[in-house]
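These notes concern the structure reproduced below.
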Amino acid sequence: MVIGIDCSKATLDVGKSEGGKAKSLGSFLNNPTGFMRIYELAKSSRLVVMEASGPYYMPWHIFLKKEEFLYL
């Protein structure tokens, strides 16, 4: 499973691709509470891919790095 995240100032929109099928997992706040909710969904995935244009991905990026999670 691959998790994809579109980062904006207020939210992180999360989807997954598994077995060639895509599914939305929802929209989460771009803050530590939202990060933990996404982390719980994503910890069984093999990879997290995020859209990293602009500065809004940085708090999520720092969280993933701290958790030693594989991401692009």
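The values are calculated or read from the model by the stated rules, or taken from the named source; none is laboratory data. The model shown is predicted, which means the values in this text are computed figures rather than measured ones. Note that each Cβ is placed from the backbone with ideal geometry, even for glycine, and that neighbours are counted across all protein chains shown.
General remarks:
- Residue check, Leu12 touching a helix residue (DSSP H, G or I) at 6+ places or on another chain (Cβ under 9 Å), surrounded by 16 or more Cβ atoms within 10 Å (Cβ to Cβ) and closer than 17 Å to Tyr71 by Cα: yes
- Flag if Ser53 is in contact with a strand residue (DSSP E or B) (Cβ under 9 Å, 6 or more places away or on another chain) and exposed (fewer than 10 other Cβ atoms within 10 Å of the Cβ): yes
- Every residue from region 21-44 that is loosely packed, with under 11 Cβ neighbours inside 10 Å and at pLDDT below 90: Ser44
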